[in-house]
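Asks: Starting off with a structure, shown below.
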Amino acid sequence: MPHFHVDYSGNLEDCIDMHGLCECIRATAAGIDTFPIPGIRVRATRVDHYAIADGNPDHGFIDISVRLRAGRPDDVKQDATQRIFQAVQTFLEPTLAQYSIALSLEMRDIDPALSPKTGTIRDHLAKATQES
């Protein structure tokens, strides 16, 4: 883990490179020691039904939810939260200057006893490294 889920209002589809935003989040997370690279997942979901503030359809939102396995100290999580949020703000700076957008991020712990995991990504990463 961590898993990043980006919900965004559908009216932002044409003004934000969502693939680029996902890559920005992934690359930033990969540079944070507490996040194992094989566990990083970033996905974005367009939301077509929403209502914001005064109801003006020109308003938009990007809400980033970060789920990670419990056990990291609060200062480590706070540092990671700030680094990711800053990277996203920098990526979105031109768009934020031009459009009415609410940007938010929340990080929360997942109880490992209630969240079983399995996968082969680590095996494939190790294999690719050996073949290089």
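Asks: Would you mind finding the one in N56, N11 that is touching a His at 6+ places or on another chain (Cβ under 9 Å), more than 28 Å from G119 (Cα to Cα) and of a type in the set (S, T, N, Q)?
Replies: N11
Asks: Something else about it: With the condition kept exactly as written, say whether any residue in the range 43-51 is in contact with a Gly (Cβ under 7 Å, 6 or more places away or on another chain) and either closer than 14 Å to S100 by Cα or touching a residue at least 40 places away in the same chain (Cβ under 8 Å) (or both).
Replies: So far as the range 43-51 goes, yes, one or more of its residues are in contact with a Gly (Cβ under 7 Å, 6 or more places away or on another chain) and either closer than 14 Å to S100 by Cα or touching a residue at least 40 places away in the same chain (Cβ under 8 Å) (or both).
Asks: Quick test of your reading of the structure: L96 fulfils all but one of (1) in contact with a helix residue (DSSP H, G or I) (Cβ under 9 Å, 6 or more places away or on another chain); (2) touching a residue at least 40 places away in the same chain (Cβ under 8 Å). Name the failing condition by number.
Replies: If we test L96 against (1) in contact with a helix residue (DSSP H, G or I) (Cβ under 9 Å, 6 or more places away or on another chain); (2) touching a residue at least 40 places away in the same chain (Cβ under 8 Å), just (2) comes out false.
Asks: Of I25, I37, I32, which residue is exposed (fewer than 14 other Cβ atoms within 10 Å of the Cβ) and in contact with a helix residue (DSSP H, G or I) (Cβ under 7 Å, 6 or more places away or on another chain)?
Replies: From the options I25, I37, I32, the qualifying one is I37.
Asks: Please return the ranges of helices (runs of 4 or more DSSP H) entirely within the range 15-132 where 1 or more residues are at pLDDT 95 or above and farther than 16 Å from H3 by Cα. Walk me through how you get there before you give the answer.
Replies: Details: elements: 18-30, 74-98, 121-131.
By residue number, 18-30, 74-98.
Asks: Turning to a different aspect of this structure: Starting from the range 74-85, keep only residues that are closer than 18 Å to R26 by Cβ, then list their pairs with residues that are hydroxyl-bearing (S, T, Y) and surrounded by 15 or more Cβ atoms within 10 Å (Cβ to Cβ) whose Cβ atoms are within a distance under 6 Å, requiring at least 6 positions of separation or different chains.
Replies: Here the result reads I84/T28, each pair linking the range 74-85 to a residue that is hydroxyl-bearing (S, T, Y) and surrounded by 15 or more Cβ atoms within 10 Å (Cβ to Cβ).
Asks: Going through G39, G10 one at a time, which residue ends up being in contact (Cβ under 8 Å) with a residue 12 or more places away in the chain and under 26 Å from A126 (Cα atoms)?
Replies: When all the criteria are applied, what remains is G39.
The values are calculated or read from the model by the stated rules, or taken from the named source; none is laboratory data. Since the structure is predicted, the reported quantities are computational estimates derived from the model, not experimental observations. Note that we place each Cβ from the backbone using ideal geometry, even for glycine, and neighbour counts take in every protein chain shown.
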